[in-house]
Amino acid sequence: MLSLVNLDKHFGALHVTDNVSLDLHPGECHALIGPNGAGKTTLIQQISGTLQPDSGQILFNGTDITALPPHRRAQAGLGRTFQITSILPEFTVLENVALAVQATQGSSFRFLRSVTGEWRINKRAYDCLALFNLADRANRPASALSHGEKRLLELAIAIAGEPKALLLDEPMAGMGKEESATLTDTLLTLKRDYPILLVEHDMDAVFALADRVSVLVYGQIVASGTPDEVRANPQARAAYLGEEAC
Amino acid sequence: MRGANLAALVIFVLLAATPWLAEFWGGSYLTSLVMKAMILGIAALSLDLLIGHAGMVSFGHAAFVGIGAYTTGIMITEGAPNLAHILPMTIAIAAAFALITGAISLRTSGVYFIMITLAFGQMVFFTMSSLSDYGGDDGLTLWERADAFGTGLFDSDTGLFYTILATLITVTLLLRRLIGSRFGRVLRAAKQNPTRVESMGYSVFAYRLTAYVIAGIIAALAGVLFANQAEFVSPATAAWQRSGDLIIMVVLGGMGLRHGALFGALAIVLLEEGLSTLTHDWRLIFGPMLVLMVLYTKGGIAGLLEKRGET
Ligand SMILES: Nc1ncnc2c1ncn2[C@@H]1O[C@H](COP(=O)(O)OP(=O)(O)O)[C@@H](O)[C@H]1O
Ligand SMILES: [Mg+2]
């Protein structure tokens with residue numbers, strides 16, 4: 001449903017995306033792993049539209065979205081989370097999610113009616129928060145959440161937009177072992193409803209969640225296959241998994 | 001009741017009583033001073049929509065006041081003094097100017113946005129200075145006020161006064177609703193984190209441009225009132241110094257805080273007036289006072305009042 005076709009991007013002399021082709025199929029979780037600086041975040045940004053590739057195509061549900069701005073891609077159904085936590089710090093937790101819900105509930109060029117009274121939006125926002133056990137935090141300012149809770153809020157925001165596919169950039173970043181394990185369970189349930197392109201360093205999470213794994217090194221995909229195949233692939237081990245072993 | 005709301009209520013009551021108070025003290029001087037303050041309050045409120053709620057620091061907002069004032073002045077001079085014609089014309093010109101200059105300015109952000117809005121504002125200023133048929137640099141004296149839909153409302157100072165007050169109250173209420181609406185929420189969110197808001201599916205550009213147009217129209221309406229109150233329009237109305245004054249009012253009053261811009265406008269006009277009767281060099285006192293107030297009253301006047309209201 002999501003296809004990257006021969007994507008290429010340079011930052012000056014740095015070839016950060018080197019002829020990358022990659023697919024995300026309906027119902028699957030495709031993990032993208034690789035060392036720091038491999039170009040994973042840059043790739044996510046090209047898919048979500050915050051960066052433009054030099055060449056290549058991005059197809060989503062059969063249409064070419066390469067030229068669309070980020071908000072149009074989001075409208076088309078691409079939900080994302082950010083590696084560096086990106087929330088609305090001055091809003092309450094509920095309002096963060098409600099804004100994402102609002103985008104799915106008709107035009108927001110409505111100027112006079114109070115939005116806090118729109119129960120339909122609030123109800124759906126609460127439901128999304130409940131998925132991540134954040135409902136009791138609903139009326140806190142988002143800035144007052146713990147780091148782990150903010151990571152969950154990111155996910156709640158993404159889900160609230162009713163995406164057709166999710167791009168998750170290191171959702172476990174900065175989380176403790178226990179929090180990661182809980183989040184892995186949550187993602188396992190989400191996986192049933194949303195195809196996920198997952199960038200993650202936590203190998204336990206990757207092998208628990210992924211149906212397929214691609215390994216990115218210096219902008220190139222050096223290995224791709226089922227988790228077992230990738231685990232057995234010497235190039236992938238050398239490039240990435242080896243780091244974990246030592 | 002929250003401090004700022006209470007203060008605003010007191011202020012609105014005092015404003016409403018001004019024409020009556022003026023009979024005992026201050027006379028028509030007081031009423032015209034207060035009218036000026038209210039008009040600036042309307043313009044400052046509209047600027048606060050941009051600065052306080054959308055994070056767009058426009059340094060050319062006085063241009064819109066100038067557009068409203070000149071549209072009024074020129075139409076009265078040309079024999080089309082009815083508000084039924086002046087208002088739609090003002091709104092159309094202000095909206096068109098805001099759409100075009102906003103669409104260009106919003107390609108930038110931060111300091112560049114400030115600079116480019118300043119440049120567009122100056123463009124208006126110089127255009128007005130070059131209207132030699134309408135007074136050029138010297139400005140244009142109006143020999144009559146606009147015709148308020150045939151009611152004669154503007155024939156008396158009192159009628160004009162209450163029209164201005166009613167506009168001020170309407171704009172206050174309207175903007176408050178706007179801030180709390182779907183549209184306002186998107187705008188406030190984009191001020192905090194535009195990338196996040198884009199990734200939720202909103203075109204931040206479109207929302208900001210709409211806000212820019214709305215604020216421009218309101219400021220232009222303040223300009224219409226200003227022309228009628230002063231019975232005189234000049235390029236100075238649109239000068240960058242006036243844009244700077246409006247920013248100071250917004251900051252001093254409390255950016256994005258309820259009634260902040262109104263408090264700021266009243267405070268500046270009254271301070272200016274009070275200090276200038278004390279000494280000729282009032283700016284020497286005024287400048288440092290402003291700096292101190294901005295430094296030590298985080299959240300401006302409205303911020304102070306809110307804190308008091310809570311305790
Ligand atoms: N905007 C940018 N300009 C220049 N270089 C960048 C930019 N963003 C990222 N890079 C560089 O591109 C490389 C890949 O970065 P990134 O995609 O963040 O890697 P990863 O997410 O795989 O750790 C890094 O070397 C980084 O320094
Ligand atoms: Mg990264």
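The values are calculated or read from the model by the stated rules, or taken from the named source; none is laboratory data. The structure presented is a predicted model; accordingly, all values stated were derived computationally and were not measured. Glycine also receives a Cβ, built like all others from the backbone with ideal geometry; neighbour counts cover every protein chain displayed. The area values use the complete protein model at the heavy-atom level, side chains included, leaving out ligands, DNA and RNA. Shrake-Rupley method; radii C 1.70, N 1.55, O 1.52, S 1.80 Å.
Structure notes:
- Its residue count N fixes a reference of 2.2 N^0.38 Å for the range B:219-268, and the Cα radius of gyration divided by that reference is 1.22.
- Modelled spin-label separation between B:Leu14 and A:Met1, with each label point placed 7 Å from Cα along the Cα-to-Cβ direction: 6.1 nm.
- Residue-normalised accessible area of the range A:87-162, given per residue in Å² at a 1.4 Å probe: 43
- In this structure, B:Gln241 and B:Asp155 have a Cβ-Cβ separation that, at R0 = 41 Å, corresponds to a calculated FRET efficiency of about 0.80.
- Net charge in the neighbourhood of B:Ile86 (other residues with Cβ under 13 Å of its Cβ; Lys, Arg +1, Asp, Glu -1) is -2.
- Above-threshold pairs, the threshold being 28 Å between Cα atoms, out of A:Lys123/B:Lys298; A:Lys40/A:Lys177; A:Lys9/A:Lys164; A:Lys40/A:Lys123: A:Lys123/B:Lys298; A:Lys40/A:Lys123
- With at most 12 neighbouring Cβ atoms within 10 Å, loop chymotrypsin sites (Phe, Trp or Tyr not before Pro) (DSSP) excluded, longest segment of chain B: B:150-311
- By a 1.4 Å probe calculation restricted to protein chains, A:His15 has an accessible surface near 60 Å², given to the nearest 10.
- Prolate/oblate/rounded call for the range A:87-162, Cα gyration tensor, a/c under 1.5 rounded: prolate
- Rounded percent of accessible protein surface that carbon and sulfur make up, the protein assembly as shown, 1.4 Å probe: 61
- The protein assembly as shown shape via C-alpha gyration tensor axes, a/c threshold 1.5: prolate
- Cut-off 11 Å between beta-carbons: net charge of the residues surrounding A:Lys9, Lys and Arg +1, Asp and Glu -1: -3
- Efficiency of FRET from Cβ geometry, B:Tyr112 and A:Ala208, R₀ 41 Å, rounded to 0.05: 0.30
- Positive-pole candidate from B:Gln229, B:Leu40, B:Thr279, dipole of chain B, charges at beta carbon: B:Leu40
- Debye, to nearest 20: dipole size of the protein assembly as shown, +1 on Lys, Arg Cβ, -1 on Asp, Glu Cβ: 780
- 18 Å reach of a label modelled at B:Leu131, 7 Å along Cα-to-Cβ, counting backbone N of the range B:145-171: B:145-147
- Heavy-atom accessible surface of A:Arg231, to the nearest 10 Å², is about 100 Å², with a 1.4 Å probe and all protein chains retained.
- In terms of its alpha-carbon gyration tensor, the range A:49-187 comes out oblate; a/c meets the 1.5 threshold, while b/c is at least as large as a/b.
- Chain A: calculated mean residue ellipticity at 222 nm from DSSP helix runs of at least 4, using -39500 (n - 2.57): -10500 deg cm²/dmol
- Averaged per residue, the range B:35-238 has 36 square angstrom of accessible surface, using a 1.4 angstrom probe with ligands and nucleic acids left out.
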